[in-house]
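This report concerns only the one structure given below.
Taken together, the values in this text are just the output of simple stated rules run on the coordinates, not laboratory data. Model, not experiment: these values are computed from the prediction. Neighbour counts run over all protein chains shown; Cβ positions are idealised from the backbone, glycine included.
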Amino acid sequence: DAGVIQSPRHEVTEMGQEVTLRCKPISGHNSLFWYRQTMMRGLELLIYFNNNVPIDDSGMPEDRFSAKMPNASFSTLKIQPSEPRDSAVYFCASSLSRLAGDPKNIQYFGAGTRLSVL
Amino acid sequence: KQEVTQIPAALSVPEGENLVLNCSFTDSAIYNLQWFRQDPGKGLTSLLLIQSSQREQTSGRLNASLDKSSGRSTLYIAASQPGDSATYLCAADQTGANNLFFGTGTRLTVIP
């Protein structure tokens with residue numbers, strides 16, 4: 001398996017522009033997670049889906065952020081409008097299970113998208 | 001809210017040395033504790049997962065321990081190698097739904 005695939009790897013945009021980040025989870029995984037990593041705040045969970053349904057979006061910073069998972073093999077994270085403080089590395093991860101105590105709930109991470117908002 | 005702390009933030013050791021990385025968490029009601037490795041410019045790779053009912057897990061030269069009552073976990077790396085150089089992050093699963101709270105990591109450099 002190719003692992004979790006994220007695109008683009010790097011994105012540079014200007015303040016106010018719309019940004020869309022993409023993620024393809026590992027085939028057969030039923031949980032998908034979006035994270036943001038910054039030097040100041042470390043790695044933070046933004047939202048996660050189970051069976052394509054958003055379960056907890058309490059980590060989404062504000063209404064400018066939205067995420068969708070139209071099918072089991074694709075998810076997007078959209079920022080509209082983007083701001084310089086959104087600059088970070090955004091990771092997508094997937095897991096086979098989200099059940100506590102299940103060793104299959106290990107998360108597999110993509111390589112990330114480095115976003116720079118000027 | 002769960003807070004996870006890792007000390008030190010950076011560590012340099014000569015090749016062959018055994019070392020311990022520390023992780024502490026404020027809320028002991030966790031479902032599991034996980035250790036990840038992150039290489040520069042890459043995503044995270046899972047190393048070890050310790051269930052709340054377990055005391056330790058081992059994988060090759062890595063051994064992770066968990067003491068829930070004191071809110072601590074350690075990652076022991078035996079006979080360190082230059083290839084072990086990376087940032088190591090611990091994460092606590094607070095809700096049992098794989099909702100992870102991450103520490104800020106320890107950047108390890110193993111000097112040949």
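Between A:SER116 and A:GLU11, A:VAL12, A:THR13, the built amide H atoms are under 5 Å apart, and every one of these is 5 or more places off in sequence or on another chain.
Residues with beta-carbon under 13 Å from that of B:ALA78, excluding B:ALA78: net charge, scoring Lys, Arg +1 and Asp, Glu -1?
Here the charged neighbours net out to -2.
Residues whose amide H falls under 5 Å from that of B:SER85, counting only those 5 or more places apart or on a different chain, are B:VAL110, with hydrogens built in the peptide plane. Cross-link reach is defined here as a Cα-Cα straight distance under 20 Å, omitting same-chain residues fewer than 8 places apart; for B:LYS42 the aspartates and glutamates meeting it are A:ASP1, A:GLU11, A:GLU44, A:ASP86, B:ASP84. The A:SER58 and B:GLU3 beta-carbon pair, evaluated with R₀ = 22 Å, returns a calculated FRET efficiency of approximately 0.85. Relative contact order, whole percent, for chain B stands at 37, derived from Cα pairs under 8 Å and 6 or more residues apart. Extension gain, B:ILE111 to B:GLN81: 0.36 nm times the residue separation minus the Cα-Cα distance gives 10.0 nm. Considering only B:SER69, B:SER53, B:SER24, the Gaussian network model of chain B with Cα springs below 10 Å gives its largest mean-square fluctuation to B:SER69.
Cross-link partners for A:LYS68 among the lysines, with Cα-Cα distance under 23 Å and sequence neighbours closer than 8 places in the same chain left out: A:LYS24, A:LYS78. So, in nm, how far is label B:SER28 from label A:GLU18 when the simple model puts each one 7 Å beyond its Cα toward the Cβ? Between B:SER28 and A:GLU18, the simple spin-label model gives 5.1 nm. Name all residues of segment A:42-67 having a backbone nitrogen under 13 Å from the label point set 7 Å from the Cα of A:LYS78 along its Cα→Cβ direction, giving them as ranges. Only A:64-67 pass the distance filter.
Taking trypsin sites (Lys or Arg not before Pro) across segment A:54-92, none is in a DSSP loop with at most 12 further Cβ atoms lying within 10 angstrom of its Cβ. Loop-resident GluC sites (Glu not before Pro) (DSSP state other than H, G, I, E or B) in segment A:1-79 with no more than 13 further Cβ atoms inside 10 Å of their Cβ: A:GLU14, A:GLU18, A:GLU62.
Take the Cα of B:SER70, step 7 Å toward its Cβ, do the same at B:VAL13, and the gap between the two points is 1.8 nm.
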